[in-house]
Amino acid sequence: MKTIIEPFKIKSVEQVKFTTKEEREKILKKAFYNPFMIPGEDVLIDLLTDSGTSAMSAKQWAGILDGDESYAGSKSYFRFEKVTKKIFGFKHIIPVHQGRAAERILFTNLLSDLDSNGRYVNAGEGRYIPNNNHFDTTRANIEFNNGTAVDLVIEEGKHPSVIHPFKGNMDLEKLENFIKKVGAKNIPVCMITITNNTGGGQPVSMENIKAVSRICKKYKIKFFIDACRFAENAYFIKMREKGFEKKSVLEITQEMFSYADGCTMSAKKDAFANIGGFIAMNDEELYMQSKNLLIITEGFETYGGLAGRDMEAIAQGLEEILEESYLQYRLRSTEYLGEKLLENNIPIIQPPGGHAIYVDAKGFLPHIPPEQYPGQAVVCEIYKSGGIRAVEIGSVMFGQYDKKGKLIPAEMELVRLAIPRRVYTQSHIDYVAEVFIEMAKSKKKIKGYRIIEEPKFLRHFTAKFAPLK
Ligand SMILES: Cc1ncc(COP(=O)(O)O)c(C=O)c1O
């Protein structure tokens, strides 16, 4: 059979709300043209994120009822620990409430020194953390600790229409040159994000992970993986990398993580959970420091910031995500949306990534310069036209200012259409493509935006915008 179908059937549904274009225009204005400020119930198809938005399985919901809420030594923790150790293979697994809590623990520890009383001093200055591409929260947690986040993705990863099977790969030559330039002692950890969310949900090859690990070992630098979408990455390896065709996704995952010293994970992605995450590592000293910080800020080590029931849902979700019929459907359904947009000359990052389609807003709206945020213009337009919510991944999210306050634009101006797991059907996706195709007909009339209010960190979440005349 050629048709790839959803490997599940629907047991419970949630009504969506329809609004008129006039209503949506008012809603958008009230939200200061920032989709993060639109009430969820006013959204018809929500492609803002694939994070925490998955449909949980009947077995996950059963786990929610079965969760053990003991403060210490909960049986749900032990199930969570057993599953995560089997898959990721690290010695220590610490639950946290979501991915950024894992990042905060990692970077607070690695970008600071401890004084004789165990207090943090000398935060960050002069320390660097390379990655293929840091995601927004990763970058913010580094910068918040005075460190410098450095992106070293391969050149192909910066050009939307260039085809490459592993566009998320790290540029190995740049990595080694960078280490030599700033000195290994100033790089407390090197990361790699699988798949590369900032760069189009593009995978990283096993060969590249292995090579980054080898370089890190040579210079005695810790190597951590941002594991959010590990299963999608593993399935891409199975499909695209020689020698892995016959290996199971579990075996591929175990091999990927065997090259690393630890990982950070948001279970809101490839664990089908609505909340949760963990940080894992082999290093004893880092474990002790992480545990201390966890207990001060998240909770005791057998629950982190989670309820016992959340750990049950994560453990179950991690077993389910490894099912290859699911991963085959997942990657194909993302690709399906990408194909529809491409057929209608809407430029996207090619080839399609795992969890999302990334529209190249610079290519789509060439008349809007980066200073007028073309990605934000697309995001506002698809909400107005069809009630679809998406997120800008461009100069709103990653732009910086120079000393004179002039915008230094991001490498790419993208709009991410993130597909929640097991949530939308093929006709929902057909509708999304239809909205884009209609919008494209009068795209020359679309105008840019300016920012009227913004915070210092992670501005895209709360910045306010105004449309340009
Ligand atoms: C690659 C990557 N790392 C880290 C995070 C942060 O995870 P969380 O939202 O659970 O804090 C995200 C979330 O979108 C992500 O995509």
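Please find, within region 75-108, the residue that is nearest to S266 (Cα to Cα) out of those that are out of contact with any Cys (no Cβ under 9 Å at 6 or more places or on another chain) and small (G, A, S). Before the answer, list the steps.
Residues of region 75-108 out of contact with any Cys (no Cβ under 9 Å at 6 or more places or on another chain): 75-87, 89, 91-98, 100-101, 103-108.
Next, from what is left, pick out any that are small (G, A, S): 76, 89, 101.
On the way: S76: 18, G89: 17, A101: 9 Å.
Filtering first and then ranking leaves A101.
For region 111-134, enumerate the residues that are within 16 Å of the ligand (Cβ to nearest atom) and open to solvent by 10 Å² or more (accessible area, probe 1.4 Å).
Residues of region 111-134 within 16 Å of the ligand (Cβ to nearest atom): 129-134.
Answer for region 111-134, where residues must be within 16 Å of the ligand (Cβ to nearest atom) and open to solvent by 10 Å² or more (accessible area, probe 1.4 Å): just N133.
Which of the residues belonging to region 435-468 are in contact (Cβ under 8 Å) with a residue 12 or more places away in the chain and over 23 Å from M397 (Cα atoms)?
V435, I437, E438, M439, A440, K444
So, in region 30-47, how many residues would count as being assigned to a helix (DSSP H, G or I) and surrounded by 12 or more Cβ atoms within 10 Å (Cβ to Cβ)?
Taking region 30-47 first, the residues assigned to a helix (DSSP H, G or I) are 30, 35-37, 40-42.
Those left that are additionally surrounded by 12 or more Cβ atoms within 10 Å (Cβ to Cβ): 30, 35-37, 42.
Final tally of qualifying residues: 5.
Looking at region 243-265, which of the residues that are polar (S, T, N, Q) and under 20 Å from E323 (Cβ atoms) is least open to solvent (accessible area, probe 1.4 Å)?
Let us first name the residues in region 243-265 that are polar (S, T, N, Q), namely 248, 253-254, 258, 264.
Next, from what is left, pick out any that are under 20 Å from E323 (Cβ atoms): 248, 253-254.
Numbers: S248: 41, T253: 0, Q254: 69 Å².
Residue satisfying both the conditions and the ranking: T253.
Working carefully through the options L318, L337, find the one that is more than 16 Å from the ligand (Cβ to nearest atom) and either farther than 23 Å from L47 by Cα or hydrophobic (A, V, I, L, M, F, W, C) (or both). Show your work before the answer.
Details: L318 fails: more than 16 Å from the ligand (Cβ to nearest atom).
One residue alone meets the criteria, L337.
Could you list, in sequence order, the residues of region 241-251 that are in a helix (DSSP H, G or I) and more than 25 Å from A55 (Cβ to Cβ)? Give the derivation first.
Applying the first criterion (in a helix (DSSP H, G or I)) to region 241-251 yields 249-251.
Once the filter is applied, which keeps residues that are in a helix (DSSP H, G or I) and more than 25 Å from A55 (Cβ to Cβ), region 241-251 yields only E251.
Select from region 269-293 the residues that are surrounded by fewer than 23 Cβ atoms within 10 Å (Cβ to Cβ) and either under 21 Å from E69 (Cβ atoms) or of a type outside the set (A, V, I, L, M, F, W, C) (or both) and list them in ascending order.
N274, I275, N282, D283, E284, E285, Y287, Q289, K291, N292
Please indicate, with yes or no, whether at least one residue in region 240-250 is within 16 Å of the ligand (Cβ to nearest atom) and over 28 Å from S112 (Cβ atoms).
Just the residues of region 240-250 that are within 16 Å of the ligand (Cβ to nearest atom), to begin with: none.
No, because not a single residue in region 240-250 is within 16 Å of the ligand (Cβ to nearest atom) and over 28 Å from S112 (Cβ atoms).
Being more than 16 Å from the ligand (Cβ to nearest atom) and among the β-branched types (V, I, T) is the filter here, so list the residues in region 213-236 that pass it.
The answer is I215, I221.
Which one is nearest to K362 (Cα to Cα), of the residues in region 415-441 that are part of a loop (DSSP other than H, G, I, E, B), touching a strand residue (DSSP E or B) at 6+ places or on another chain (Cβ under 9 Å) and open to solvent by less than 30 Å² (accessible area, probe 1.4 Å)?
Filtering region 415-441 for residues part of a loop (DSSP other than H, G, I, E, B) gives 419-425.
Filter again for touching a strand residue (DSSP E or B) at 6+ places or on another chain (Cβ under 9 Å), leaving 419-420, 423-424.
Filter again for open to solvent by less than 30 Å² (accessible area, probe 1.4 Å), leaving 419-420.
Working: I419: 22, P420: 25 Å.
Among those residues, the one meeting the criterion is I419.
Take the conditions buried (at least 19 other Cβ atoms within 10 Å of the Cβ), over 18 Å from the mean Cα position of the chain (by Cα) and not in a strand (DSSP E or B) and apply them to G363. Does it pass? Even if it seems obvious, please write down each step before you answer.
Working: buried (at least 19 other Cβ atoms within 10 Å of the Cβ): no; over 18 Å from the mean Cα position of the chain (by Cα): yes; not in a strand (DSSP E or B): yes.
Against the criterion (buried (at least 19 other Cβ atoms within 10 Å of the Cβ), over 18 Å from the mean Cα position of the chain (by Cα) and not in a strand (DSSP E or B)), G363 does not qualify.
Evaluate region 234-242: report whether one residue or more is within 28 Å of G63 (Cα to Cα) and open to solvent by 10 Å² or more (accessible area, probe 1.4 Å). Spell out how you get there, then give the answer.
First, pick out the residues of region 234-242 that are within 28 Å of G63 (Cα to Cα): 234-235.
With open to solvent by 10 Å² or more (accessible area, probe 1.4 Å) added as a condition, the list becomes 235.
Yes: region 234-242 contains one or more residues that are within 28 Å of G63 (Cα to Cα) and open to solvent by 10 Å² or more (accessible area, probe 1.4 Å).
Give the residue that is farthest from T137 (Cα to Cα), with candidates limited to residues of region 447-463 that are open to solvent by less than 40 Å² (accessible area, probe 1.4 Å) and in a loop (DSSP other than H, G, I, E, B). Break it down into steps so the answer makes sense when it comes.
Taking region 447-463 as the starting set, the residues that turn out to be open to solvent by less than 40 Å² (accessible area, probe 1.4 Å) are 448-449, 451, 459-460, 463.
Applying the additional criterion that residues be in a loop (DSSP other than H, G, I, E, B) yields 448, 463.
Values: G448: 26, A463: 16 Å.
Only one residue tops the list, namely G448.
Can you report the number of residues in region 391-409 which are assigned to a strand (DSSP E or B) and open to solvent by 10 Å² or more (accessible area, probe 1.4 Å)? Can you show your working first?
Residues of region 391-409 assigned to a strand (DSSP E or B): 391-393, 400-401, 407-408.
After this cut, where a residue has to be open to solvent by 10 Å² or more (accessible area, probe 1.4 Å) as well, the list is 400-401, 407-408.
Counting residues in region 391-409 that are assigned to a strand (DSSP E or B) and open to solvent by 10 Å² or more (accessible area, probe 1.4 Å) gives 4.
Look at V162 and say whether it is under 28 Å from K362 (Cα atoms), of a type in the set (A, V, I, L, M, F, W, C) and free of Cβ contacts under 8 Å to residues at least 40 places away in the same chain.
Numbers: under 28 Å from K362 (Cα atoms): yes; of a type in the set (A, V, I, L, M, F, W, C): yes; free of Cβ contacts under 8 Å to residues at least 40 places away in the same chain: no.
Answer is no for this residue.
For region 258-295, which residues satisfy the criterion of being more than 22 Å from T137 (Cα to Cα) and either part of a loop (DSSP other than H, G, I, E, B) or within 16 Å of the ligand (Cβ to nearest atom) (or both)?
Scanning region 258-295 gives Y259, N282, D283.
Mind counting the residues in region 203-229 that are part of a loop (DSSP other than H, G, I, E, B) and farther than 20 Å from R100 by Cβ?
The first filter runs over region 203-229 and keeps only residues part of a loop (DSSP other than H, G, I, E, B), leaving 203-205, 219-221, 227-229.
Right, trim to farther than 20 Å from R100 by Cβ and you get 203-205, 219-221.
So the answer is 6.
Of the conditions (1) surrounded by fewer than 24 Cβ atoms within 10 Å (Cβ to Cβ); (2) at pLDDT below 95; (3) closer than 30 Å to L327 by Cβ; (4) not acidic (D, E), M412 satisfies every one except a single condition; which number is it?
(1)
When you look at L172, is it in contact with a strand residue (DSSP E or B) (Cβ under 7 Å, 6 or more places away or on another chain), surrounded by fewer than 23 Cβ atoms within 10 Å (Cβ to Cβ) and not polar (S, T, N, Q), yes or no?
Details: in contact with a strand residue (DSSP E or B) (Cβ under 7 Å, 6 or more places away or on another chain): no; surrounded by fewer than 23 Cβ atoms within 10 Å (Cβ to Cβ): yes; not polar (S, T, N, Q): yes.
The answer is no for L172.
The values are calculated or read from the model by the stated rules, or taken from the named source; none is laboratory data. Since the structure is predicted, the reported quantities are computational estimates derived from the model, not experimental observations. FYI the Cβ positions are ideal-geometry reconstructions off the backbone, even for glycines, and counts take in every protein chain you see. Heads up: the accessible areas ignore ligands, DNA and RNA and are worked out on the full protein's heavy atoms, side chains in. Shrake-Rupley method; radii C 1.70, N 1.55, O 1.52, S 1.80 Å.
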